Amino acid sequence: MPRRPIVPNKQAILSACLLVVCSLLLIFTCVHVTFVVGSSSSSGGNGTLREWLGDLNEQAARLQSTALKLQVAIAVLSNSNNTESILTIRSAQLKKITQALNLINQEIVIVNSACSNYDGPDCNIPICDSKCLNCSSPGKCVSCSGNWTGPSCSIPVCDSKCLNCTSPGNCSVCSGNWNGTTCSTCKSGWTGTNCVNQTAILTSAQMTRFSNEILNMPNSFTKLLFKASRDGFAGDKFHSKCDNKGATVVIVKAQSGAIFGGYTSVSWNVQNSGYVSDKSAFLFSLVSSTGVERFAKLPQQYSDFYKSGKTNGEYATYQVSGLGPTFGGGHDLFISNNCNSNSLSTSNLCASYCDATMSVSSTTANAYLAGTKNFQVEDYEVYNL
């Protein structure tokens, strides 16, 4: 009687296969860990630091690959019967490999940090800043390039005319009467080799024409009481130089290039604290904002547009401490405190000073003197007549 063939048990076959696979993994893991430990201990003494870093990265990659394979094996074993002992071994191996991988990754971070800002095979050549020619370590320069100084070559060497610069050749504060980013030009109102000679807003020819045509007083510019670019743009500086001096002429130059001003026969005096009457006061425009000379006189009107019932001249000037020279009830011409650094100065003609072609608050009246209603002052002067 023929014998029945023996049918293999499927579960037994699966267990046998897993045993073989896991045995191979165990052999591979032991060999791999031995290689990693051996190469890690030997790389530190041979080759360069960057080669060592390369070895560490390779070891980390191998351990990561082994850990992934063990995770797959553990997942398979977890779903099989009678594999508890093998599962325990593989879990222990995965734990050790994970610990080894963490240690190597920490070592990689340390080596990368040591090589940060350093060059060369052994990370011993400091990388210098672009402004540094030679440095002993990152951020510590021995010799700087160009016009830079300091341990990190971050301090610009300023020109002798410059008090403070943001970079070589880019000055923010010039000394004396120098101006510009390189302190190579004179401030407005100054000239000469060292910018020590003052210049007037008007040329000699313009002064002569102004005296003859507007003031009807030939050779009337006898004494310069105040020059803002020299004495300061604060309103109190103006009053400290010009109060109680009698008749004066104020000549203003706006940043637009326009030149204009006003005349009063009554002394400036902050003690008056308010409007001051002067029937002989007037405003004038000498040069427009487009550069055209016009030498026009703007007298007071007999009807006050803002203050009805008042007679002509009662709002000739407005005198208050802290403000620059101010004319009219509008105000027709107002020079603000620190007028060179703001646009608070205004021209609002036809409140008290006007001509027949203008009307109060019109575009023409507002823009006639400086080109715009609000303006910034480049310089202004006050002369005693």
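Exposure proxy for ASP379, ASP55: other Cβ atoms within 10 Å of each Cβ, ordered fewest to most, give ASP55, ASP379. Given +1 at the Cβ of Lys and Arg, -1 at the Cβ of Asp and Glu and no other charges, the dipole of segment 87-131 around its Cα centre is 440 debye to the nearest 20. How much net charge surrounds ASN348 when only other residues with a Cβ under 13 Å from its Cβ are counted (Lys, Arg +1; Asp, Glu -1)? Within the 13 Å Cβ shell, the charges total 0. What is the distance in Å between the Cα centroid of segment 276-292 and that of segment 94-110? About 86 Å separates the Cα centre of segment 276-292 from the one of segment 94-110.
Per residue, the convex hull around the alpha carbon atoms of segment 202-384 comes to 101 Å³.
With a threshold of 31 Å on the Cα-Cα distance, the over-threshold entries among LYS223/LYS279; LYS161/LYS373; LYS237/LYS373; LYS187/LYS279; LYS237/LYS297 are LYS161/LYS373; LYS187/LYS279.
Counting beta carbons within 10 Å around each of SER343, SER280 and listing the fewest first gives the order SER280, SER343. Seen from THR364, the other residues with C-beta closer than 12 Å to its C-beta sum to a net charge of 0, counting Lys and Arg as +1 and Asp and Glu as -1. Taking Cβ atoms as reference points and 14 Å as the exclusive limit, the residues near ASP119 contribute a net charge of -1, counting Lys and Arg as +1 and Asp and Glu as -1.
Values quoted throughout were computed directly from the atomic coordinates according to the rules given, and no laboratory measurement underlies them. Remember, it's a predicted structure, so these values are computed and weren't measured experimentally. Note that we place each Cβ from the backbone using ideal geometry, even for glycine, and neighbour counts take in every protein chain shown.
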